[in-house]
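Working notes for the structure below.
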Amino acid sequence: MIGAYKVITWVGIIILWIALISLYTSYAATHPPRQSIDITPKYLGFDYEAISFDTDDGVEIKAWFIPAENKTKKTIIALHGYPFNKANILGFAEFLHEKYNLLFFDFRAMGESAGKLTTGGLNEQKDLAAAIRYLKENKNITKVGTLGFSLGAAVSILSAEENPEIKAIVSDSGYASLHRIIRAMYRQFFFLKAPFVWLSELFAKVLYGIDVAQVSPLDEIKEMKVPILFIHGEKDSQISVEDSKLLYESANQPKELWIIKGADHGESHYKEGKEYEKRVLEFFDKYLR
């Protein structure tokens, strides 16, 4: 009897431990600390407009609009990764300024934008939609390309069908689904990760209204007709290169896949430099007309 009691006690402790870890992880993932804005486009010598616009659900988004010197209407929206901000991607995308207007914005709950909850791409689609609406209503810009990194890449794919203004997408280190990201968060538990994943997804839905199943670029891309260039580091330790391979296999033409040998998460541009810029520019020149 005593032995059975001990077993029940230890099982209860293990279940509680799994639940607490999953609860903390879901909270920490949806409430990341804000990273400071340490530079502006002025640092790169660019004139720019500091702007803001509201999403459909009432979140104020802070942004920078950098007009191109050639007075073009062609515009690239650069979308940062998690849990960073528009300054983090500024140097990464500055090469596009030679030919295109640029719009950088902070996703909700990051950088200077309002909001207290990040949703892994679910509500961030509203942020991108608001950015596109701003360009249409204030700049008379109706055709855009997106250069998205990580979270930004996923949001671009998730948003394409609902925003026909998006004419071309460059997806750098994007993920195939939020479920795969959550599984990767618990990779250290190997074959024991299933209860952590299940509870984290349950807490996300019950506490924060995030239905993980709805955040699946892999599902969305099957219907997408927008040209897309996938770029991913071969040695990405945060988002597996297999995610971009899965997306590429499911995407419709026109599509391209470029795996950067030896590159970890966020290193593709650093590793390839001029070749990276050349390929991205050629892609936008071809499809953003």
(message) Would you confirm, using the coordinates I've provided, whether Ala194 is surrounded by fewer than 24 Cβ atoms within 10 Å (Cβ to Cβ), in the same structural domain as Gln238 (by TED's automatic domain parsing) and not hydroxyl-bearing (Ser, Thr, Tyr)?
(response) no
(request) Please find, among Leu96, Leu16, Leu90, the residue that is outside the structural domain of His269 (by TED's automatic domain parsing) and either part of a helix (DSSP H, G or I) or modelled with pLDDT under 95 (or both). (result) Leu16
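Tell me the residue from Lys278, Lys225, Lys245 that is surrounded by fewer than 19 Cβ atoms within 10 Å (Cβ to Cβ), basic (Lys, Arg), assigned by TED's automatic domain parsing to the domain that holds Lys167 and part of a loop (DSSP other than H, G, I, E, B), please. Outline the logic, then answer.
Values: Lys278 fails: part of a loop (DSSP other than H, G, I, E, B); Lys245 fails: part of a loop (DSSP other than H, G, I, E, B).
So the residue among Lys278, Lys225, Lys245 that is surrounded by fewer than 19 Cβ atoms within 10 Å (Cβ to Cβ), basic (Lys, Arg), assigned by TED's automatic domain parsing to the domain that holds Lys167 and part of a loop (DSSP other than H, G, I, E, B) is Lys225.
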(message) Return the residues of region 245-261 that are touching a strand residue (DSSP E or B) at 6+ places or on another chain (Cβ under 8 Å) and among the small types (Gly, Ala, Ser); say none if nothing qualifies.
(response) Ala251
(message) Here is a list: Phe46, Phe53. Which entry is of a type in the set (Phe, Trp, Tyr), surrounded by 16 or more Cβ atoms within 10 Å (Cβ to Cβ) and in a loop (DSSP other than H, G, I, E, B)?
(response) Phe46
(request) Could you tell me which numbered condition Ser26 fails, if it satisfies all but one of (1) under 19 Å from the mean Cα position of the chain (by Cα); (2) over 20 Å from His97 (Cα atoms); (3) buried (at least 16 other Cβ atoms within 10 Å of the Cβ); (4) not assigned by TED's automatic domain parsing to the domain that holds Ala204? (result) (4)
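The values are calculated or read from the model by the stated rules, or taken from the named source; none is laboratory data. Note that the coordinates shown come from a computational prediction; the quantities given were computed from them, not determined experimentally. Cβ: placed from backbone, ideal geometry, glycine included. Neighbour counts: every protein chain shown.
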